[in-house]
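A short worksheet on the structure shown next.
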Amino acid sequence: MNDYRRHTEILGGINCLVLRPENEAPEMAVVLCHGFGEQGANLAECLRDDALAATALDRRAVFVFPDSPF
């Protein structure tokens with residue numbers, strides 16, 4: 001995700017991987033969660049640059065991938 005800044009944040013007491021558009025203010029947030037004991041970064045790998053660029057979400061959303069709290 002070349003046009004996104006990748007960093008970690010603690011949101012609601014949970015460690016999250018956050019992908020934020022570099023040069024634009026996001027209009028929405030997309031939160032993607034998955035199974036127990038998994039890290040959010042594992043799910044983020046499924047979101048490819050070319051797949052995102054083909055959607056209406058490209059550079060309009062901040063993506064949040066929380067780690068499982070368990």
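The values are calculated or read from the model by the stated rules, or taken from the named source; none is laboratory data. As the structure is a computational prediction, the values presented were derived from the model and not from experiment. Each accessible area value is taken on the protein alone, full model and side chains, heavy atoms only, with ligands, DNA and RNA left out. Shrake-Rupley method; radii C 1.70, N 1.55, O 1.52, S 1.80 Å.
Brief remarks follow.
- Rounded accessible area of residue 22 (nearest 10 Å², 1.4 Å probe): 100
- The gain in end-to-end length when the residue 11 to residue 60 segment is fully stretched comes to 15.6 nm, 0.36 nm per residue minus the alpha carbon separation.
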